[in-house]
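*Asks:* Please see the structure below; I have some questions.
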Amino acid sequence: MATKINTARVISAGAMVLAPPPLESGDRLRRAEFERRYEAMPWVKKAELIEGVAYMGSPVRQKSHSKPHSLIITWLGTYCAATPGADVGDNATVRLDLDNEPQPDALLRIEPEAGGHSRISEDDYIEGPPELVVEIAASSASYDLHDKLHAYRRNMIQEYIVWRIYDQQIDWWELEEGEYQRLTPPEDGVVHSRVFPGLCLNIPALLKGDLADVLATLQSALKHEAHAAFVARLAGKDA
């Protein structure tokens, strides 16, 4: 049964106030109006503003989104547990600029006290660019690889990962001199983060859904001196 939109007038301090119009895919809005409409629709669990255009979430399928999403969150959460000063997010709304308020599938950020570029606002939203963002996309035709990629690049998100489910492909971009460069995985298929020492992704294992192997590869990297030095730097101490 569809949820009814309440567009009735409301009496507020003696004034007649109209409820905001419903948020719909394709709406062209600035961030403040996007937030006003989104907040008035609490039953909507995912909506994004990308380059001034609203995108509404669709029902989530298990094999093509929910399970891959859970694997990514487990991978990033494991890294975060071993890295004080890092913070993981799952479907968090991010205020990037006046035309972009995405809700990435997963993100990893450095706390501002440790030198990160994003912060938590008074109303509990992330403001500014997280250091790393992950999106689960259907294919190369997804807006995750077009308008959203351009918005992330322009807002200086340092690393961007897209898992293209139907293509069985994982793309990892690094920001270099203001442009994204897609990394070429080495022969073993293990890609290492430049921003987060110790964070590595065993791409062949992830594509097979072998979470145990993904985490074993990560745990091995977390034992290296580079990760210990990074943790010390986040804490403001010498390694």
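The numbers here are math on the coordinates, done by the rules we state, and not lab data. Fair warning: this is a prediction, and the values are worked out from it, not measured in the lab. With ideal geometry, Cβ positions are generated from the backbone for all residues, glycine too; neighbour counts draw on all protein chains shown.
*Asks:* Here is the link list: 63/148; 148/223; 45/208; 45/148; 46/148. Which ones come out longer than 25 Å on Cα distance?
*Replies:* Over 25 Å apart, Cα to Cα: 148/223; 45/208.
*Asks:* What residues of region 76-98 lie in the reach of a label at residue 219, counting those whose backbone N is under 16 Å from a point 7 Å from the Cα along Cα→Cβ?
*Replies:* The answer is 76-83.
*Asks:* Treat the count of other C-beta atoms within 10 Å as a stand-in for reagent exposure and order 148, 67, 223 from fewest to most.
*Replies:* If I rank by nearby Cβ atoms, fewest first, I get 223, 67, 148.
*Asks:* Here is a further query. What do you get when you divide the Cα radius of gyration of region 62-234 by 2.2 N^0.38 Å, with N the number of residues?
*Replies:* 0.97
*Asks:* Considering amide H positions built from the backbone, and no H for Pro or chain starts, which residues 5 or more places from residue 27, or on another chain, come under 5 Å of its amide H?
*Replies:* Counting only residues 5 or more places away or on other chains, the set is 54.
*Asks:* Å³ per residue of the Cα convex hull, for region 58-107?
*Replies:* Hull volume over Cα atoms, normalised by residue count, gives 73 Å³.
*Asks:* Another question about this same structure. Got a sec? Charge dipole of the chain, +1 on Cβ for Lys and Arg, -1 for Asp and Glu; which of 132, 34, 203 is way out at the positive end?
*Replies:* Towards the positive end, the residue furthest out is 34.
*Asks:* Between region 33-77 and region 174-211, what's the alpha-carbon centroid distance in Å?
*Replies:* So the two Cα centres are separated by 24 Å.
*Asks:* Moving on to the next point. Go through region 157-173 residue by residue and turn each phi into a ³J(HN,Hα) via Karplus (6.51, -1.76, 1.60, θ = phi - 60°); whole Hz please, and just put x for glycine and proline.
*Replies:* For region 157-173, the Karplus curve yields 6, 5, 9, 9, 10, 10, 9, 8, 5, 6, 7, 6, 9, 10, 9, 10, 10 Hz.
*Asks:* What's the exposure ranking of 27, 213, 124, 87, going from fewest to most Cβ atoms within 10 Å?
*Replies:* Sorted ascending by nearby Cβ count, the order is 124, 213, 27, 87.
*Asks:* In nm, what is the difference between 0.36 nm times the number of residues separating residue 188 and residue 67 and their Cα-Cα distance?
*Replies:* 41.2 nm
*Asks:* Jot down the per residue volume, in cubic angstrom and as a whole number, of the convex hull over the alpha-carbon atoms of region 17-56. Please report the intermediate quantities before stating the final value.
*Replies:* On the way: hull volume 2.4 nm³, N = 40.
So the per-residue Cα hull volume is 61 Å³.
*Asks:* Place a label point 7 angstrom from the Cα of residue 153 along the Cα-to-Cβ direction, then list the residues of region 165-200 whose backbone nitrogen is under 14 Å away.
*Replies:* 172-183
*Asks:* Something else about it: If I fit a long axis through the Cα atoms of helix 211-222 and take the longest principal axis of the Cα atoms of the chain, what angle between them do I get, 0 to 90°, rounded to 10?
*Replies:* 70 degrees
*Asks:* Starting from the Cα-Cα distance between residue 43 and residue 60, subtract it from 0.36 nm times their residue separation and give me the gain in nm to one decimal. Walk me through the intermediate numbers first.
*Replies:* On the way: separation 17, 0.36 × 17 = 6.12 nm, distance 1.48 nm.
Full-extension gain reported as 4.6 nm.
*Asks:* Here is a follow-up. Fully extended, how many nm does the chain gain between residue 226 and residue 18 (0.36 nm per residue separation, minus their Cα-Cα distance)?
*Replies:* Once the chain is fully extended between residue 226 and residue 18, it gains 69.2 nm.
*Asks:* Where in region 152-172 is the amide nitrogen less than 20 Å from a point lying 7 Å along the Cα-to-Cβ axis of residue 139?
*Replies:* 162-172
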